[in-house]
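Read through the structure below, which is laid out as structure tokens, and then see the notes.
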Amino acid sequence: MNLKVISRNVGFALLTSAFFMFLSIIVSMSRGNDSALAALIISFVITFTVGVFPFIFVRSTERISLKDGYMIIVLSWSLSFIFGMLPYLLWGGPFTVVNSLFESVSGYTTTGATILEEVEALPDSLLFWRSSTHFIGGLGVVVFLLLIIPSSSPVRLRLTNLEISSLSREGYRSRANKTVIIYSSVYFALVLLSFLLYWISGMSAFDAINHAFSVCATGGFSTKNLSIASFDSNAINVITIVFMFLASVHFGTLFMAVVHRSFKPLNNPVLKYYFSIIVAVSLISAFCMRLNDSGLSFGDSLVSGVFHTLTFISTTGFAIADNNTWPAFVNTLMLIISIQCGMAGSTTGGIKADRMYLTFKALGHQVKHVLHPTSINQIRINNHYLKMEEAYPHILFLGIYFIALSLSTGLNTLFGLDDANALYASVSCLSNVGPAIGDLGTFGNYNSVPVMSKLIFCLDMFIGRIEIYPVLAVMMMVFHRNK
């Protein structure tokens, strides 16, 4: 491993965080030097100094190996968590060391889980910093790094594939050196458009930019205690529904649909599968909510069903109702779709719809092979044929995910959470969803969770966001290096 190359590129990630800390300082000054100004200035100076340090002493190089790339990814996220917690920790209030780390990890991983019982008690500059960590994490520290990795580097395509799967690229083709630009362009366009629509629909400019950062990053941090429900606006609900869906779809697919002004790029099997899941769960949830609460009209039940289906499957975590009032069956449905989540190449977490679709196709292929062992069967996805060995890494990922989920659930029950909360919260953090049930539900928070459980959830959110393989790769490199 080339430590000089790694340190220089990790510096870019820290400078990105420092830039948004500087913007938060501007927000503080515009609000009459609110109570977070000193904390933000100190955090900015420390983060900027550490981030710029490698550029002073390390020369620029275009030679980046795959091992260096994996290490850059893990260190960029890890150090972003640590430096990102400084504004919270220095401001004080409910932010102990563990709480500050939890809020930072939740922000960067776009999970949206919070320890705050009174969100509106925070100064505006700190609220802006919270949302900024969503913006950074949604686009991905990895993507920020890829923007500066030379396009001639052979490692660039491999690193890009950590964020963008090829399974959902039906009708979408682009060279490796354009993929990240396309991804970033779509992301910035969604943020700008959602901000304008929120603003036009009645939000203040400050609330609009914060919620635009959150919805397009599929994060969930809000400036209000009651999230989207505080605005009590059907227009804002609909805008949120639309952008939760768009942000959970493969960005390359959206790009091609806009550029070609055609719906043809949307005609891919993964998107059809994902959309059918949303429709089915939304209708079932709406029907159950209507039966459970006679005070809700069918229209309100339908809006609530669609909204919360998307908030869980897209991993956004916004809310317009308390999920503790729902039937147990609806919460179980939300748990199931929280395991799968949205499409690869989007800002969502979880296993991804791509892997689930491929798993179902591989299952069908295996059944056919058992029934007709002499026949030649291949996994077909539209016009592409995959061999079973190509599907194995994705199916293996499911196994590793459920092992991690089992370990997290077991440890959390050991540290004092009841079985239901341990399971739901572990799924929520591992898939970067945010809300669980009970005190950790859509209108709840994680403040009462034991300290050890908060640390476990931080690890869940981390490996859920960058996915498991890069973490295992770095662990293998460190192990072999020590050996």
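The values are calculated or read from the model by the stated rules, or taken from the named source; none is laboratory data. Please read all numbers here as calculations on a predicted model, not as lab measurements. Counting neighbours? That spans all protein chains shown, and the Cβs are built from the backbone with ideal geometry, glycine included. Heads up: the accessible areas ignore ligands, DNA and RNA and are worked out on the full protein's heavy atoms, side chains in. Shrake-Rupley method; radii C 1.70, N 1.55, O 1.52, S 1.80 Å.
Would you tally the residues in segment 117-132 being among the small types (G, A, S) and open to solvent by 10 Å² or more (accessible area, probe 1.4 Å)?
Step one: filter segment 117-132 for residues among the small types (G, A, S), giving 121, 125, 131-132.
Checking the rest, the ones that are also open to solvent by 10 Å² or more (accessible area, probe 1.4 Å) come to 121.
The qualifying residues number 1.
Restricting to segment 228-260, give me the number of residues that are more than 21 Å from the chain's Cα centre (by Cα) and aromatic (F, W, Y).
Number satisfying all stated conditions: 1.
Consider T160 against the criteria (1) in contact with a Ser or Thr (Cβ under 8 Å, 6 or more places away or on another chain); (2) modelled with pLDDT of 50 or more: it satisfies all of them except one. Which criterion is unmet?
Checking T160 against (1) in contact with a Ser or Thr (Cβ under 8 Å, 6 or more places away or on another chain); (2) modelled with pLDDT of 50 or more, the one that fails is (2).
Take the residues in segment 198-221 that are among the hydrophobic types (A, V, I, L, M, F, W, C) and open to solvent by 10 Å² or more (accessible area, probe 1.4 Å), then tell me which one is nearest to T311 (Cα to Cα).
F213
Residues that are among the small types (G, A, S) and open to solvent by less than 30 Å² (accessible area, probe 1.4 Å): which helices (runs of 4 or more DSSP H) entirely in segment 259-366 hold 2 or more of them?
269-292, 298-313
Residue by residue, here is whether (1) among the hydrophobic types (A, V, I, L, M, F, W, C); (2) under 18 Å from G345 (Cβ atoms) holds:
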residue: F251; (1), (2): yes, yes
residue: K272; (1), (2): no, yes
residue: V306; (1), (2): yes, no
residue: T311; (1), (2): no, no
residue: T315; (1), (2): no, yes
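Collect the residues in segment 413-446 that are of a type outside the set (D, E, K, R) and over 20 Å from the mean Cα position of the chain (by Cα), keeping them in residue-number order. Show your work before the answer.
Of the residues in segment 413-446, the ones of a type outside the set (D, E, K, R) are 413-417, 420-438, 440-446.
The answer is T413, L414, F415, G416, L417, A420, N421, A422, G438.
In segment 442-482, what residues are modelled with pLDDT of 90 or more and not in a helix (DSSP H, G or I)?
If the condition is that a residue be modelled with pLDDT of 90 or more and not in a helix (DSSP H, G or I), then T442, F443, G444, N445, Y446, N447, S448, V449, P450 are the ones that fit.
Could we say that A420 is open to solvent by 20 Å² or more (accessible area, probe 1.4 Å) and in contact with a helix residue (DSSP H, G or I) (Cβ under 8 Å, 6 or more places away or on another chain) here?
Criteria met by A420.
Among what's in segment 86-111 and is open to solvent by 20 Å² or more (accessible area, probe 1.4 Å) and within 23 Å of I73 (Cβ to Cβ), pick the residue that is farthest from the chain's Cα centre (by Cα).
Looking at the filtered set, the residue picked out is L86.
Tell me which residues, restricted to segment 83-129, are among the polar types (S, T, N, Q) and touching a residue at least 12 places away in the same chain (Cβ under 8 Å).
The answer is N99, S100, S104, S106, T109, T110, T111, T114, S125.
Could you list, in sequence order, all residues of segment 445-456 that are open to solvent by 20 Å² or more (accessible area, probe 1.4 Å) and touching a residue at least 60 places away in the same chain (Cβ under 8 Å)?
N445, N447, V451, L455
Could we say that E120 is modelled with pLDDT of 95 or more and not β-branched (V, I, T) here?
no
From the list S168, S153, pick out the single residue that is touching a Leu at 6+ places or on another chain (Cβ under 8 Å), assigned to a loop (DSSP other than H, G, I, E, B), under 30 Å from M71 (Cα atoms) and modelled with pLDDT under 90.
One residue alone meets the criteria, S168.
Looking at (1) surrounded by 15 or more Cβ atoms within 10 Å (Cβ to Cβ); (2) modelled with pLDDT under 95, which one does F243 not meet, given that it meets all the others?
It fails just one condition, (2).
For segment 31-49: of the residues being open to solvent by 80 Å² or more (accessible area, probe 1.4 Å) and without any contact (Cβ under 8 Å) to a residue 40 or more places away in the chain, which is farthest from H134 (Cα to Cα)?
Looking at residues that are open to solvent by 80 Å² or more (accessible area, probe 1.4 Å) and without any contact (Cβ under 8 Å) to a residue 40 or more places away in the chain, I get N33.
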